[in-house]
Amino acid sequence: MPGRLSTRNSTIARQSIKSPTATSRSRISAPNIPDEGPSTDLRTRVSTIFSDAQRSIASHRKLIVSLRKIHEACCYESPQPVKTDFGDYDENDFNGEVARCIVRLLPVKKTENAADKIIKFFGLFLRHASEKDASLVQQDETEEKETIETPTSRLASHLFQLLLPLLSAKEKVVRYRATQITSFMVNCLDSVDDEYYHLVKAGLTKRMKDKESMVRVQAALGLGRLAGNEGEEEEEEDDSDDNENAGLLEKLIDSLQNDPSADVRRSLLLNLPVIPKTLPYLLERARDLDPATRRVLYSRLLPALGDFRHLSLSMREKLLRWGLRDRDEQVRKAAARLFRERWIEDCAGIRDAEGNRPAELPPPSIDALLELLERIDVTNSGIENGIALEAMKEFWNGRPDYCETVRFDDSFWSNLTAEGVFLARSLNEFCQQNEGTHTQLLEDKMPEVTKLGFYLERCLNTLIEKLRSVNTPATSENEDDTAEQEFIVEQMLHIAYTLDYSDEVGRRKMFSLLRESLAIPELPEEITKLSIEVLRLVCGKDSAAEREFCGIVLEAVAEIHDTIVNDEPSLVADEDDSFHSARSEMSTDTIVAPKREKVLLATNPEEDDEKAMKEIMVNMKCLHIAQCMLQNVNEKLKENVHLVTMLNNLVVPAVRSREAPIRERGLLCLGLCCLLDKSLADENLSLFIHCFNKGHPALQVTSLHVLCDILSTHPRLLNQTTNPDSSIELHPLAKAATKVFTKSLKAETVPEVQTAAVVSLCKLLLTRVLVDSDLLKRLVTLFFNPASRGNVAVRQALSYFLPAFAYSRRENMELLACTISGVMHSVVSFQDDLEEDEETVSTVAIGTMLIEWTDVRKLVSLDQVPSYDLTSASSGTILPNGDIHADLAITLLERIQASACTKDERKALVLMLGKLYINSNSDSTKLQTIKDAAEEISSGRLISDAASRNSLAKLIAAVEKALAIHGEAKDDRNMKKRNSSKAASEEDDEETQTGFDSTKVESEIKIAVEDKPSVSIDEPSIMESRIDDDGDTIMES
């Protein structure tokens, strides 16, 4: 009977759904199975089908047809009597046998694949049976479809009645399987009975708060389908008062944003309905912490979303930027594939009548590509640091058919658009980066230098005309056209920067064009910067070419500055007065002629303000050109007369100006000049420090950047050797410069200043230009300070810098270890000041991170590490030197024993001791000091909790083990020494026993040599005396 199904169990059925290797571990408990009566043909047949379904998915279609035949035989009366084996069974019997098999799945663990196969089989059966019922039932025209009951709907209701109470079962596996089956049924059925619809939704909603993530994943699968129906109902009935229904989407969206499990977020991402209400929350998963979730968004959700042109312009740009700059390579590949395949197809409009995409890639369409660039707003995203250039690089790399199809003929260059010129620039840079494989393609597509010079000249003339006409009220609506023309010229200059100027004709054409364009006051700053960079390339790379480049740029500056003089109001005086004035200035005569009164032309205050504003703009333009020039020179300042002239006549007056914008830009130019001359940097170091102390935030940021660049370029500026004994003496302003960085780190109210200081200090410390433990301590403390949580740039910079700094050099790791005690004291103080509802990282986690950063085993190079020549007992390899953590342990133990150490701080420090890396390759004196201090603390009353005592005991055990190895090594050395001494003594005894005295023999030989008479040179030798006159040897008888 159906009412007894929830308590029935069967040993036969349980064996049929379990694999032979998992019978013991797939069962939670072995309850007493009640008697279910004798086995019937229906039970045997249904059980056999379910048993076969767990073996292979390939047989599911055939088994579904077989089960449907049994279903129809039990539920329908055929008009023509047909003899079957199940004619004696009704619908309730069939539902009971199916439910009996489904119940056997509940205790099966998640790792068992057979249960998943059966659930999938049953879901497909429900879908197939629903379709068959719909075709068999004859619906009345006036009767609605939702009111018709079918055998399949009654079977589903019966199972819902059975499974819903089990959604809140105590066993997690039962909850998991019940939720999984329920969600699968919801997704396979076209409709659910009203009696169970709200019960199913309420039960699955509760499972979204389950402590097990696998249960929440299955609940999300079912609620996604129900939320889709709810979204449609909300669109139809906007004035609905059902708060429960209205809150389902909000609950799912909240889980999508905040659920700690990546699997749950991914499940919701794929199953939530794509409606205007949920779309922004779905797309923001492109910034999810889990790489797999981000990859699913780009590879599955966005391709199935439809036409990308329905998205807003800002969202398109964000999706491209987030995807192509993702940390995970697979996410980057998925985003690139989305751009070059799906989005280009949407622009090409290649779909069939049903809106499906073709199986193969369509042929190239340049018009679709230009539209794609327009859809991503290339005029804004194609600038420096924009995403359009990266997107096109991936496009050309993945679509070589477009590389062969695109053509840049004369008509193309004569009618340039923003999208077209960016297309040419992106292809040019792609070929330049892959010069070995795309050299011929670059030569075929891009024009020669001379032609490009004429094209660029035409575009520049058009831009200047529009810039000069945009100020008139009649043509103010052409600002968009002017911005587009600026973009076109910028892209052409980018192309010109990559060309080869070995052709003298083309080089001269580009040289004259750029020289003339720099003298145009209306030229925008970005185009001015690019023109100077191209001009530097055109002039050449040697010193003479650099001096020529500086001279040309300063000529342009002089011409622009002369526009102020040309606009001076004329004086009311005759020509003689003007000549007399000129002569009086040049003459050395002491007689002063009587001055005539000169009267200025009448002017109004508005004209004066306009003139002053124009003067400021012209000076800013001149300083900007000088700044761009200084960024492209490398020669020493004093060796280039043009740079010295520019410094004295332009930069120094700008620094002394009363106008804040001019003064700030002049300060920046002065900083660039200091990079070219160390003595100039030494003279003006106090000026930059003064600007930081007295300036506003923008000026403080500029001063910090200049100080960082000066110290990086001249690293010994603060450490000057001036004493006769060659000892290092600090610069008088070294302490003031350090105070600048210390003060800027405290600027919580101005995040920009704090960020600039952190980035600058990270560079200086990482390159060891500055070696200051106090500054390093402030950086580490700032990283863990809850007040810096809102400054994401600071957190990101420090999260990269601190491990890179520690692992790069042993000296850096030692410097960081010296700051840990003070950092932990500050961290404990921060947590004491927190409010009750404010959350932060625990001291245990912070201590673990600091210990990890000072672990000597993670150093990049261990070549320079001192060693005590001790080997690992297990592997025989040389151990890394452990003095860093040994010194840290001594420091922490001293702090623990200090009276000023609080209880919370002491506990945090003691827990850190058990995580230190203590090995035998450390100084034995330090190890003994650690042991004595740790035992003293352990025997005292400073610590009382079990965790602290265990940590301290772990430290003592590690130290004792290291000391034991030291003792063994010492014993080995003593043994070797004794053995060598013993061998020497045995050798002496052996000599004594044989009577052989080497000293005596040596003395006897010496005496014998001295007693022997000397041999005269004139006396014949022994051999000569034995040779006759014929040269034969005389043999004595």
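The values are calculated or read from the model by the stated rules, or taken from the named source; none is laboratory data. Here the structure is a predicted model, which means the values were calculated and not measured. Methodologically, a virtual Cβ is constructed for each residue, glycine included, from the backbone with ideal geometry; neighbour enumeration extends over all protein chains shown. Each accessible area value is taken on the protein alone, full model and side chains, heavy atoms only, with ligands, DNA and RNA left out. Shrake-Rupley method; radii C 1.70, N 1.55, O 1.52, S 1.80 Å.
Quick notes on this structure:
- FRET efficiency for the pair GLU212 and TYR800, taken as 1/(1 + (r/R0)^6) with r the Cβ-Cβ distance and R0 = 56 Å, rounds to 0.95.
- Estimated from the Cβ-Cβ distance and a Förster radius of 60 angstrom, the FRET efficiency linking SER686 and ASP503 is about 0.75.
- Extension gain, ASP194-ASP481: 0.36 nm per intervening residue step, less the Cα-Cα distance, totals 97.3 nm.
- Each peptide in 798-810, 539-551, 215-227 gets a packing score, the mean of other Cβ atoms within 10 Å over its residues, and the list from highest to lowest is 215-227, 798-810, 539-551.
- The simple spin-label model puts a point 7 Å past each Cα toward its Cβ; for ALA134 and GLU360 those points are separated by 3.5 nm.
- For the range 880-885, the Karplus equation 6.51 cos²θ - 1.76 cosθ + 1.60, evaluated at θ = phi - 60°, returns couplings of x, 5, x, 5, 5, 6 Hz by residue, with Gly and Pro reported as x.
- Descending by average beta-carbon neighbour count within 10 Å, the peptides 624-630, 336-342, 438-444 line up as 624-630, 336-342, 438-444, the highest first.
- Distance in nm between pseudo-label sites at LYS858 and SER157 (7 Å out along the Cβ direction from Cα): 6.2
- Nearest-10 value in Å² for the accessible area of LYS451, using the 1.4 Å probe: 90
- Distance (nanometres) between label positions extended 7 Å along Cα→Cβ at ASP377 and THR563: 3.0
- Computed extension length for ASP410-VAL274: 44.3 nm, one decimal, from 0.36 nm per residue of separation with the Cα-Cα distance subtracted.
- Backbone geometry of the range 679-693 corresponds, through the Karplus equation with coefficients 6.51, -1.76 and 1.60 at θ = phi - 60°, to 3J(HN,Hα) couplings of 5, 5, 5, 5, 5, 9, 4, 5, 5, 5, 5, 5, 5, 5, 5 Hz, x marking Gly and Pro.
- Accessible surface of the range 371-469 [probe 1.4 Å, protein heavy atoms]: carbon and sulfur percent: 43
- For the residue pairs LYS172/LYS206; LYS858/LYS903; LYS529/LYS611; LYS694/LYS746; LYS333/LYS393, the C-alpha atoms sit more than 20 angstrom apart in LYS858/LYS903; LYS529/LYS611.
- Neighbour cut-off at most 11 other Cβ (10 Å), DSSP loop, chymotrypsin sites (Phe, Trp or Tyr not before Pro), the range 410-455: none
- Accessible surface for ARG768 stands near 80 Å², nearest 10, in the context of the full protein assembly shown (1.4 Å probe).
- Two-site FRET efficiency, GLU639 against ALA787, from Cβ-Cβ distance with R₀ of 56 Å, rounded to 0.05: 0.70
- Exposure rank, largest accessible area first [MET446, MET813; 1.4 Å]: MET446, MET813
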